Amino acid sequence: MQALLVDGDPVLRQAIQWMLRDAGFTRVIEAADGEAALLSLRTGRPDLVVMSHKMSPMDGPTLAKALRVRGVSAPIVMMSADGAAGVLPTCVSARVAKPLNAAELTAAIRQCLATPALAG
């Protein structure tokens, strides 16, 4: 299985990459921002996307919608600090709070993999 991980913090990306590998992902593609995430689609389609809400220049909700427009149907887990996410687009499968709790993220990942992806 392949995951796409999008966050501007390389230390956080490394920690989440370990969690994803423990969850059974054999390939984790890392991107520091939305544009890099969209470019990564050239190497294949992810089975799961984990992304930050606050990114620049493209924020998480905008990236989530762009992924759907490009045909990515994988579940999307959005990470946000202090309730910053507000109302998430319907195409986001789950939300987890930052600072990250490993058990919460792992539970969200497992739930997403057990539930069909949202198309909206």
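The values are calculated or read from the model by the stated rules, or taken from the named source; none is laboratory data. Computed from a prediction, not measured in an experiment: that's the story for all the values here. No Cβ is skipped: glycine too gets one built from the backbone with ideal geometry, and neighbour counts run over all protein chains shown.
Observations
- Residues that are of a type in the set (A, V, I, L, M), within 13 Å of the chain's Cα centre (by Cα) and within 21 Å of residue 109 (Cβ to Cβ) within segment 27-62 comprise 28, 29, 31, 32, 37, 48, 49, 50, 51, 55, listed in sequence order.
- Entry remark, segment 6-39: residues being buried (at least 17 other Cβ atoms within 10 Å of the Cβ) and assigned to a helix (DSSP H, G or I) number 8 in total.
- Residues located in segment 80-101, provided they are in contact with an Asp or Glu (Cβ under 9 Å, 6 or more places away or on another chain) and modelled with pLDDT of 85 or more: 96, 97
- Checked against the criterion of being farther than 18 Å from residue 10 by Cβ, at pLDDT 95 or above and not polar (S, T, N, Q), the candidates 46, 61 yield just one match: 46.
- Test result for residue 3, under 18 Å from residue 115 (Cα atoms), surrounded by 20 or more Cβ atoms within 10 Å (Cβ to Cβ) and in contact with a Phe, Trp or Tyr (Cβ under 7 Å, 6 or more places away or on another chain): yes
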